[in-house]
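Q: Have a look at this one before I ask anything.
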Amino acid sequence: MPWAPRNRVHLDLLTADPEAEIRRLTALGADRSGSRHMDNVVLTDPEDNGFCLSATDR
């Protein structure tokens, strides 16, 4: 398989209910990496691009 460069875009998503959003995103194919970055939960999409999910205080 040819080498593919990593995606240079990293999304930070905000939600009022992180646990519900994690369930929704994993049902759509995301994978929870198990790591945290500060107050963010780190996930990956089906193509292994990382993104963070954090709670809003609204």
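Q: Please identify every one of the GluC sites (Glu not before Pro) in the stretch 19-58 that sits in a loop by DSSP and has no more than 11 other beta carbons within 10 Å of its own beta carbon.
A: Sites meeting the loop and neighbour criteria: E47.
Q: Between S54 and M38, what length in nm is gained on full extension when 0.36 nm per residue of separation is reduced by their alpha carbon distance? Let's see the in-between values first.
A: Working: separation 16, 0.36 × 16 = 5.76 nm, distance 0.94 nm.
The span from S54 to M38 would gain 4.8 nm if fully extended.
Q: With the crude spin-label approximation of a point 7 Å out along Cα→Cβ, what separation in nm comes out for D45 versus D17?
A: Placing both labels 7 Å along Cα→Cβ, they lie 2.4 nm apart.
Q: To continue, here is another question. Just to make sure I understand: if all protein chains stay in place, what is the order of V41, V9 by accessible area at 1.4 Å, largest first? Don't skip to the answer; put the middle values down first.
A: Working: V41 10, V9 90 Å².
Ranked from most to least accessible, the order is V9, V41.
The values are calculated or read from the model by the stated rules, or taken from the named source; none is laboratory data. The structure presented is a predicted model; accordingly, all values stated were derived computationally and were not measured. Every residue, glycine as well, gets a Cβ built from its backbone with ideal geometry; the counts of neighbours run over all protein chains shown. We work out accessible area using only protein heavy atoms, side chains counted, and drop any ligands, DNA or RNA first. Shrake-Rupley method; radii C 1.70, N 1.55, O 1.52, S 1.80 Å.
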